[in-house]
């Protein structure tokens with residue numbers, strides 16, 4: 001596949017930025033939940049992400065970053081929160097500190113006109129997937145340092161730098177994660193699958209685009225209340241955030257109604273001329289609505 005190549009100076013040194021072409025229709029989302037970062041997409045997104053990792057592992061040039069910028073990012077399929085850009089690189093060949101992250105952030109949402117194209121090579125990935133057991137036996141994962149993981153892994157502040165989700169990895173880990181992500185499979189019967197990786201979790205939904213669309217509609221409805229809810233910042237569990245909880249529940253309701261082929265009312269009675277706090281004081285729960293959705297009109 002062909003990708004765009006752009007040369008940029010970050011922290012005083014030249015970097016090669018590899019980005020998707022504008023014609024790419026695949027989309028991703030980034031979500032933080034339970035103190036873990038999740039990269040979300042559909043099956044096409046999993047295959048593309050795996051190819052990006054695989055090609056990056058075999059790259060020969062130093063200071064190379066794969067950047068998935070906001071042009072290819074959806075809001076989260078749960079509460080329609082914005083997704084931060086994703087930065088991938090091989091730790092053996094590319095340093096990427098705080099100053100470089102700040103300089104890159106200033107170039108986004110798009111890094112400018114590309115300096116050329118590059119043919120992204122993923123030779124060997126198809127063969128690895130065809131005989132995954134043999135490949136994994138020949139490329140074993142080193143034992144984890146559980147104490148180090150407990151101290152450093154999955155702490156959100158360590159993964160995000162200046163609004164970028166930074167996912168560094170060794171070349172060996174890039175290959176292993178590419179095989180794991182490319183092996184994910186979903187269907188109507190099994191609508192979700194995931195892989196628990198070192199720095200993040202890759203999650204695939206069979207109805208990813210439907211979830212994103214429903215979450216966008218739900219967010220518009222909740223934020224259009226006559227007494228708009230306070231805008232929130234940062235991540236937090238649904239149990240302690242009324243606004244996110246209602247967006248999630250309303251989005252689930254919209255998605256389930258659309259799947260039944262039913263017309264979705266613009267705003268149900270629960271959200272008519274009321275604020276989130278008034279709804280909570282009334283005792284009506286967003287989750288109660290999900291439990292009582294009728295099957296038919």
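For 11, 131, what's the fewest-to-most ordering of other Cβ within 10 Å of each Cβ?
Details: 11 15, 131 11.
Ascending number of Cβ neighbours within 10 Å: 131, 11.
Taking a ≥ b ≥ c as the square roots of the Cα gyration tensor eigenvalues, with a/c under 1.5 meaning rounded and otherwise prolate when a/b beats b/c, else oblate, which class fits the stretch 2-206?
Cα axes put the stretch 2-206 in the rounded bin.
Between the alpha-carbon centers of the stretch 173-224 and the stretch 5-36, tell me the distance in whole angstrom.
18
Quick check on the stretch 28-128: what does the Kirkwood estimate of hydrodynamic radius come out to from the alpha carbon pairs, in Å? Mind showing how you got there, number by number?
Details: mean 1/r = 0.0658 Å⁻¹.
So the Kirkwood estimate lands at 15.2 Å.
Using a 7 Å offset from the Cα along the Cα-to-Cβ direction at both residue 188 and residue 138, what is the distance between the two label points in nm, to one decimal?
3.9
List 279, 68 from most exposed to least, where exposure is judged by having the fewest other Cβ atoms within 10 Å.
The most exposed by this proxy come first: 279, 68.
Name all residues of the stretch 17-61 having a backbone nitrogen under 12 Å from the label point set 7 Å from the Cα of residue 129 along its Cα→Cβ direction, giving them as ranges.
The answer is 43-52, 54, whose backbone nitrogens lie closer than 12 Å to the label point.
Arrange the following residues from fewest to most other Cβ atoms within 10 Å of their Cβ: 259, 1.
Values: 259 11, 1 14.
Fewest to most other Cβ atoms nearby, the residues stand as 259, 1.
Any read-out appearing in this document is the output of simple, stated calculations on the displayed coordinates, not a laboratory observation. A quick note: this is a predicted structure, and the numbers were derived from the prediction, not measured. Reconstructed Cβ throughout: ideal geometry from the backbone, glycine too, with neighbour counts over all protein chains shown.
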